[in-house]
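The values are calculated or read from the model by the stated rules, or taken from the named source; none is laboratory data. Quick caveat: nothing in here was measured; it's all calculated off a predicted structure. Because the Cβ atoms are built from the backbone with ideal geometry, glycine has one as well, and the counts that use them run over all protein chains shown.
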Ligand SMILES: Cc1cc2nc3c(=O)[nH]c(=O)nc-3n(C[C@H](O)[C@H](O)[C@H](O)COP(=O)(O)OP(=O)(O)OC[C@H]3O[C@@H](n4cnc5c(N)ncnc54)[C@H](O)[C@@H]3O)c2cc1C
């Protein structure tokens, strides 16, 4: 279990950061060009043959830039679901299109899904990635169905986090193709991969918030001193840094566990339940320590706050992940009470 | 087979743990270079990477070999030894073997009534007299002084210069005339630490570590290693305080509530995060790029053990109202997770004070890691003797 960043990962981070820092052209095609969207996809399926560890590094950078790209939804979640059903040639074919960058896909579940999700035969609310996806992956009655998004009703909603815009999706009446293989397990695989990678995105967000706040505290003067010389503020950023050290270790562990398949359920829920509160607190502290400017639409901080807070709900809140952990780590709840969510999903019809 | 593994095999062949006397085995282990492999050859090490140690420890433990009871000699291992290694003479290096085997316990004579967080303000005076130094002053909160054969000591050799410049670092013989150790009873009931009065204690100049006036720099080596030691141990999932509290939880289904359940799970997650951060820190050390993460570990450890032990007392309800024993004792070793829940709760309070308080750690993180400006100082360029006290 190596929790450090390899040299390759460090180089990858630098090249993705260069790319994300340049706002002159559309981001997604350039991410595709460097292969960042298909790092953990095997080479025989047109991917880079790397692993979730590299993918998680990209997610960190996307968090640092709150980039509005369908990375989590298509490159991670839809890809994980399809990989699970790769024996079906139609799944394989779509997977190859995703890996080549010629299409994106989205799993039609509410972004908040973790241990359960609604059946996709009716209206599904708050789906991420659907607005830009070419193909929708819809769980209906235990199977995953392919639906070209042009055939579905995809209605944009006003999203709390504009950088990951949501839509309500309705495929009733659309022609759908059922993929063979266990659809529920495929959805589950997508949610687990998504949650594990999302932890790294939260680490990226927290990193930006901490770095930006520290820079501000060095620069801004009040009472004839830099703000950063006031101990009340120093201790708050020191605490943030401390939590981030821990968060980074959990996120690296989750990415490693997704790669090896070892300890995955525990590693993912530990990372998700730990990193989200850290990212949210980093964004909130950042806002407070910026004062009035932090409250403005003009300053980029609010994008980070909104993304961090939305991410806290996405793919299972911290409390849900703790409930998932309870049976896995043998810490049962009160006698006679619901003792935590089961490790396998229950599908709510 | 690696060199370390070969040496382990040879040691075990020559000294069967089942039949060897404990001390004989430990001495042989030291002489084989398997005590602390990152130390130089001849001083209990192999000049190898720190990472090799775990392999050695595991192989020896698996063979049923005795260990040196590291918790009993933590100050020697974690603080005195790295400092002696870095600054010591060949003669001083001879102290390392009995230190490591535990034959000689060490203590740390740093804190004083007037100098805690502000260690550099300390007042214990050392005056040169021929080949000796004559030391007079009072130290306080000295853990294990009652068991100690030796101490690491910082004293003031020049009061006329600013406080950091006038310090010198010594090895002090705790059996020397003029060393008076008196127990200080703690909130747990026992006396783990002491006051140590030094009255005209003669310390040969050959027991000085580092140059005269360079004591502050030498002390930094000690304190840095103290923090590494705290983050440095490999631990299994659910080891330490979380393991104790999780077992208590499992043993008392009737006392569980939904609110307590979520709190415990959050603490479990935090413990796991801290464990993983420790794993990562050790990997950085092994890769030769130690980060500043050690101070994050100490801060997190203190917070977590306090939260967990407080949770446990509350969870135990009526049993939490009882305490195992208030008898004044002088313990041989410190066990944060030993005894009852009440003891653990009270002892954990010291975790954010001993070895540098959490507030001081936050200052260090803010200034040295994050690069924030220091607070305006009133004591920087003033001779120590002119500072207000
Ligand atoms: C169980 C235990 C074992 C110990 N063992 C040893 C030992 O073996 N050898 C040894 O030498 N010492 C030992 N100590 C002493 C320990 O290192 C000191 O207690 C510690 O450094 C704090 O010093 P102080 O007690 O004088 O508190 P003070 O320095 O007076 O601090 C009081 C409070 O003020 C805060 N504070 C102080 N300065 C600042 C600042 N600049 N900014 C913000 N807050 C500040 C502190 O964090 C603390 O909360 C031990 C202490 C304990 C509790």
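Of all residues being surrounded by fewer than 19 Cβ atoms within 10 Å (Cβ to Cβ) and either farther than 27 Å from residue B:356 by Cα or near the ligand (Cβ under 10 Å from one of its atoms) (or both) in segment B:114-124, which is farthest from the other protein chains (Cβ to nearest Cβ)? Just the residue, please.
Step by step, filter segment B:114-124, then rank; the result is B:114.
Can you pull out every residue in segment A:11-32 that is farther than 20 Å from residue A:164 by Cα and in contact (Cβ under 8 Å) with a residue 40 or more places away in the chain?
A:12, A:13
Look at segment B:333-367 and say how many of its residues are within 10 Å of the ligand (Cβ to nearest atom) and farther than 22 Å from residue A:242 by Cβ.
Qualifying residue count, segment B:333-367: 2.
List the number of the failed condition for residue B:111; all other conditions in (1) touching a residue at least 40 places away in the same chain (Cβ under 8 Å); (2) within 16 Å of the ligand (Cβ to nearest atom); (3) under 19 Å from residue B:223 (Cβ atoms); (4) touching a helix residue (DSSP H, G or I) at 6+ places or on another chain (Cβ under 9 Å) hold.
(1)
Among (1) surrounded by fewer than 17 Cβ atoms within 10 Å (Cβ to Cβ); (2) within 10 Å of chain B (Cβ to nearest Cβ); (3) modelled with pLDDT of 95 or more, there is one condition residue A:328 misses while meeting the rest; what is its number?
(2)
In this structure, is residue B:330 more than 18 Å from residue B:226 (Cα to Cα), touching a strand residue (DSSP E or B) at 6+ places or on another chain (Cβ under 8 Å) and not in a helix (DSSP H, G or I)?
So residue B:330 fits the description; yes.
Could you please let me know if residue A:69 is part of a helix (DSSP H, G or I) and at pLDDT 95 or above?
no
Yes/no per residue for (1) within 11 Å of the ligand (Cβ to nearest atom); (2) within 14 Å of another protein chain (Cβ to nearest Cβ); (3) surrounded by 17 or more Cβ atoms within 10 Å (Cβ to Cβ); (4) closer than 21 Å to residue B:356 by Cβ:
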site: B:126; (1), (2), (3), (4): no, no, yes, no
site: B:136; (1), (2), (3), (4): no, no, no, no
site: B:141; (1), (2), (3), (4): yes, no, yes, yes
site: B:148; (1), (2), (3), (4): yes, no, yes, yes
site: B:162; (1), (2), (3), (4): no, no, no, no
site: B:187; (1), (2), (3), (4): yes, no, no, yes
site: B:193; (1), (2), (3), (4): yes, no, yes, yes
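Could you check segment B:36-67 and list, in sequence order, the residues that are closer than 15 Å to residue B:102 by Cβ and crowded, with 20+ Cβ neighbours inside 10 Å?
Those that are closer than 15 Å to residue B:102 by Cβ and crowded, with 20+ Cβ neighbours inside 10 Å: B:36, B:44, B:65.
Among the residues of segment B:349-389, write down those that are in a helix (DSSP H, G or I), within 29 Å of the chain's Cα centre (by Cα) and more than 14 Å from every other protein chain (Cβ to nearest Cβ).
B:349, B:350, B:351, B:384
Scan segment A:225-238 for residues that are more than 7 Å from chain B (Cβ to nearest Cβ) and either closer than 30 Å to residue A:197 by Cα or at pLDDT below 95 (or both) and jot them down.
Hit for segment A:225-238 is A:236, nothing else.
Quick one: in segment B:195-218, of everything that is within 14 Å of the ligand (Cβ to nearest atom) and within 22 Å of residue B:74 (Cα to Cα), which residue is surrounded by the fewest Cβ atoms within 10 Å (Cβ to Cβ)?
Selected residue: B:195.
Mind listing whichever residues of segment A:132-158 are closer than 21 Å to residue A:309 by Cα and touching a residue at least 24 places away in the same chain (Cβ under 8 Å)?
Matches in segment A:132-158: A:156, A:157.
Quick check, is residue B:92 away from every other protein chain (no Cβ under 14 Å) and within 11 Å of the ligand (Cβ to nearest atom)?
Criteria not met by residue B:92.
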